[in-house]
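The values are calculated or read from the model by the stated rules, or taken from the named source; none is laboratory data. On a predicted model such as this, the values are computed, not experimentally measured, just so you know. As a convention, Cβ positions derive from the backbone with ideal geometry for all residues, glycine included, and neighbour counts pool all protein chains shown. The protein model used for the area step is the full one, side chains on, heavy atoms only, and it has no ligands, DNA or RNA in it. Shrake-Rupley method; radii C 1.70, N 1.55, O 1.52, S 1.80 Å.
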Amino acid sequence: MNKYELGIDGMRCGMCEIHVEEMVEKKIKAKKSKASHLTNKLVVFSEEELTKEDFEKAFVESGYRVLSFKKEKAIKKLFGWR
(Lines give C-alpha, C1' and ligand atoms only; values in the text may rest on other atoms or scores of the structure.)
Protein backbone atom coordinates (compact mmCIF):
# COMPACT_ATOMS: atom_id res chain seq x y z
CA MET A 1 0.00 0.00 0.00
CA ASN A 2 1.24 3.48 -0.88
CA LYS A 3 0.59 6.74 0.95
CA TYR A 4 0.50 9.96 -1.03
CA GLU A 5 0.54 13.40 0.58
CA LEU A 6 -0.44 16.26 -1.71
CA GLY A 7 -0.73 19.99 -1.34
CA ILE A 8 -3.97 21.11 -3.02
CA ASP A 9 -4.86 24.67 -4.02
CA GLY A 10 -8.51 25.69 -4.25
CA MET A 11 -10.17 24.06 -1.24
CA ARG A 12 -12.10 26.68 0.74
CA CYS A 13 -14.62 24.76 2.90
CA GLY A 14 -15.76 21.37 4.15
CA MET A 15 -17.75 20.73 0.97
CA CYS A 16 -14.56 21.24 -1.04
CA GLU A 17 -12.92 18.55 1.09
CA ILE A 18 -15.74 16.10 0.35
CA HIS A 19 -15.63 16.93 -3.36
CA VAL A 20 -11.85 16.36 -3.54
CA GLU A 21 -12.07 13.07 -1.59
CA GLU A 22 -14.90 11.70 -3.78
CA MET A 23 -13.15 12.74 -6.98
CA VAL A 24 -9.89 11.04 -6.00
CA GLU A 25 -11.59 7.86 -4.84
CA LYS A 26 -13.47 7.58 -8.16
CA LYS A 27 -10.83 8.71 -10.68
CA ILE A 28 -7.69 7.35 -8.99
CA LYS A 29 -9.42 4.34 -7.37
CA ALA A 30 -7.96 5.17 -3.99
CA LYS A 31 -8.73 2.95 -1.02
CA LYS A 32 -9.04 5.93 1.31
CA SER A 33 -8.51 9.67 1.15
CA LYS A 34 -8.66 12.54 3.64
CA ALA A 35 -8.63 16.21 2.66
CA SER A 36 -8.31 19.33 4.80
CA HIS A 37 -9.13 22.82 3.57
CA LEU A 38 -7.44 24.28 6.66
CA THR A 39 -4.02 22.87 5.74
CA ASN A 40 -4.65 22.50 1.98
CA LYS A 41 -3.50 18.86 2.24
CA LEU A 42 -4.80 15.63 0.80
CA VAL A 43 -3.68 12.19 2.03
CA VAL A 44 -4.43 9.24 -0.26
CA PHE A 45 -3.94 5.52 0.30
CA SER A 46 -3.79 3.37 -2.84
CA GLU A 47 -2.37 0.05 -3.92
CA GLU A 48 -1.51 1.50 -7.34
CA GLU A 49 1.77 3.22 -8.21
CA LEU A 50 0.74 6.82 -8.97
CA THR A 51 2.58 9.93 -10.11
CA LYS A 52 1.98 13.62 -9.62
CA GLU A 53 0.70 13.74 -13.21
CA ASP A 54 -1.99 11.13 -12.41
CA PHE A 55 -3.37 13.39 -9.70
CA GLU A 56 -3.09 16.50 -11.89
CA LYS A 57 -5.15 14.77 -14.60
CA ALA A 58 -7.81 13.86 -12.03
CA PHE A 59 -8.13 17.52 -10.98
CA VAL A 60 -8.07 19.13 -14.45
CA GLU A 61 -11.83 19.68 -14.74
CA SER A 62 -12.42 20.61 -11.10
CA GLY A 63 -10.40 23.80 -10.67
CA TYR A 64 -8.15 22.38 -7.95
CA ARG A 65 -4.37 22.34 -8.46
CA VAL A 66 -1.70 20.00 -7.14
CA LEU A 67 1.00 22.11 -5.46
CA SER A 68 3.16 19.41 -3.89
CA PHE A 69 3.52 15.62 -4.07
CA LYS A 70 5.10 13.15 -1.66
CA LYS A 71 4.99 9.35 -1.83
CA GLU A 72 5.90 6.79 0.83
CA LYS A 73 5.02 3.25 1.84
CA ALA A 74 2.00 3.03 4.14
CA ILE A 75 2.32 1.09 7.37
CA LYS A 76 -0.51 -1.14 8.58
CA LYS A 77 -1.51 -0.24 12.14
CA LEU A 78 -4.10 -1.75 14.45
CA PHE A 79 -6.88 0.63 13.40
CA GLY A 80 -5.93 1.32 9.76
CA TRP A 81 -3.15 2.58 7.56
CA ARG A 82 -0.65 5.26 8.54
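Of all residues in the stretch 1-56 being among the hydroxyl-bearing types (S, T, Y) and surrounded by 13 or more Cβ atoms within 10 Å (Cβ to Cβ), which is farthest from K76 (Cα to Cα)?
Across the stretch 1-56, the extreme among qualifying residues is S36.
Does L67 satisfy the criteria of being out of contact with any helix residue (DSSP H, G or I) (no Cβ under 7 Å at 6 or more places or on another chain) and in a loop (DSSP other than H, G, I, E, B)?
Values: out of contact with any helix residue (DSSP H, G or I) (no Cβ under 7 Å at 6 or more places or on another chain): yes; in a loop (DSSP other than H, G, I, E, B): no.
Here the answer is no, as L67 does not meet what is asked.
Keeping to the stretch 53-79, report how many residues are among the hydroxyl-bearing types (S, T, Y) and farther than 16 Å from E21 by Cα. Full working, then the answer.
Step one: list which residues in the stretch 53-79 are among the hydroxyl-bearing types (S, T, Y), which gives 62, 64, 68.
Add one more test, that the residue is farther than 16 Å from E21 by Cα, and what stays is 68.
Number of matching residues: 1.
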**Request:** Can you work out which of the residues in the stretch 1-60 that are of a type in the set (G, A, S) and in a loop (DSSP other than H, G, I, E, B) is farthest from K71 (Cα to Cα)?
**Result:** G10
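From M1, M15, which residue is hydrophobic (A, V, I, L, M, F, W, C) and free of Cβ contacts under 8 Å to residues at least 60 places away in the same chain? Working first, answer last.
Working: M1 fails: free of Cβ contacts under 8 Å to residues at least 60 places away in the same chain.
Step by step, each of M1, M15 is checked, and only M15 is hydrophobic (A, V, I, L, M, F, W, C) and free of Cβ contacts under 8 Å to residues at least 60 places away in the same chain.
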**Complete set of residues in the stretch 59-82 that are open to solvent by less than 40 Å² (accessible area, probe 1.4 Å) and over 19 Å from R12 (Cβ atoms)** = A74, G80
